[in-house]
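Visitor: If you scroll down you'll find the structure; I have some questions about it.
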Amino acid sequence: AQKVTQAQTEISVVEKEDVTLDCVYETRDTTYYLFWYKQPPSGELVFLIRRNSFDEQNEISGRYSWNFQKSTSSFNFTITASQVVDSAVYFCALSEATQNTDKLIFGTGTRLQVFP
Amino acid sequence: KAGVTQTPRYLIKTRGQQVTLSCSPISGHRSVSWYQQTPGQGLQFLFEYFSETQRNKGNFPGRFSGRQFSNSRSEMNVSTLELGDSALYLCASSFGRQSSYNEQFFGPGTRLTVL
């Protein structure tokens, strides 16, 4: 069965702190994609990153970095030097490539609050 | 390039009524997916359409239906509304190519409130 678990419901930090959002996934497929989306209060889901199952290279984009580890089925997201504008709900998601569908399976989300 | 648009953005209905939500995908995209977001259940997949055909369906009752038109625009319909249908309904579009990853772009959503 496919499943995405985000154990952290809510995280509060003070500006400039580093914060890591955890994501653990389950799938039987050998080919799959993992995603992170940001949902600000406006409601629209904003795409942050996609990783395919064959690429375990970590990625850094500005203050954002992602750590993909197949051995632990985890795809964690770190924000360095957090800012108030990072406050949002963050979703991790999984898509199984062999199912001929773009269906996304989402985790329950982590609400991040960054205080000034 | 215009993004995914959804209309209406807000809707208030009463129990027992029916509702139709509309989604216009990004130009050139042939696949449209719908998701329901509620505080209790989170983001759940409703259905996916590609070239006017339903390609996948989530675990929702038959009161939830959808369709896609030849111009790729999609509508979803909920009949006999229940209080629990109150949610943010998100639409996502993609190129929809088979055997290939298709990045999905989300619209701003329609917030439905059932009284």
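The values are calculated or read from the model by the stated rules, or taken from the named source; none is laboratory data. Predicted model, so just to flag it, every value in this text is computed and none were measured. Counting neighbours? That spans all protein chains shown, and the Cβs are built from the backbone with ideal geometry, glycine included. Quick note on the areas: whole protein, heavy atoms, side chains included, nothing else; ligands and nucleic acids left out. Shrake-Rupley method; radii C 1.70, N 1.55, O 1.52, S 1.80 Å.
Visitor: Against the condition within 14 Å of chain A (Cβ to nearest Cβ) and part of a strand (DSSP E or B), how does B:GLU75 come out, does it pass? Let's see the steps before the verdict.
Guide: Numbers: within 14 Å of chain A (Cβ to nearest Cβ): no; part of a strand (DSSP E or B): yes.
No.
Visitor: Ok, one more. Can you tell me which of A:TYR25, A:TYR64, A:TYR32, A:TYR90 is free of Cβ contacts under 8 Å to residues at least 60 places away in the same chain and surrounded by 13 or more Cβ atoms within 10 Å (Cβ to Cβ)?
Guide: The conditions single out A:TYR64.
Visitor: In region A:85-104, what residues are over 12 Å from the mean Cα position of the chain (by Cα) and part of a strand (DSSP E or B)?
Guide: Selection gives A:ALA88, A:SER95, A:GLU96.
Visitor: Can you find a residue that is among the β-branched types (Val, Ile, Thr), on the phi > 0 side of the Ramachandran plot and surrounded by fewer than 21 Cβ atoms within 10 Å (Cβ to Cβ) anywhere in region B:36-51? Even if it seems obvious, please write down each step before you answer.
Guide: Initial filter on region B:36-51 (among the β-branched types (Val, Ile, Thr)): B:38.
When the remaining residues are screened for being on the phi > 0 side of the Ramachandran plot, the result is none.
No, there is no match, as no residue in region B:36-51 is among the β-branched types (Val, Ile, Thr), on the phi > 0 side of the Ramachandran plot and surrounded by fewer than 21 Cβ atoms within 10 Å (Cβ to Cβ).
Visitor: Quick one: would you say A:GLU44 is more than 11 Å from every other protein chain (Cβ to nearest Cβ) and either open to solvent by 10 Å² or more (accessible area, probe 1.4 Å) or assigned to a loop (DSSP other than H, G, I, E, B) (or both)?
Guide: Details: more than 11 Å from every other protein chain (Cβ to nearest Cβ): no; either open to solvent by 10 Å² or more (accessible area, probe 1.4 Å) or assigned to a loop (DSSP other than H, G, I, E, B) (or both): yes.
Taking the combined requirement at face value, the residue does not satisfy it.
This table checks each residue for (1) at pLDDT 95 or above; (2) more than 18 Å from B:GLY42 (Cβ to Cβ); (3) in contact with an Asp or Glu (Cβ under 6 Å, 6 or more places away or on another chain).
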{"position": "B:GLU75", "(1), (2), (3)": "yes, yes, no"}
{"position": "B:SER94", "(1), (2), (3)": "no, yes, yes"}
{"position": "B:ASN102", "(1), (2), (3)": "no, yes, yes"}
{"position": "B:THR110", "(1), (2), (3)": "yes, no, no"}
{"position": "B:LEU115", "(1), (2), (3)": "yes, yes, no"}
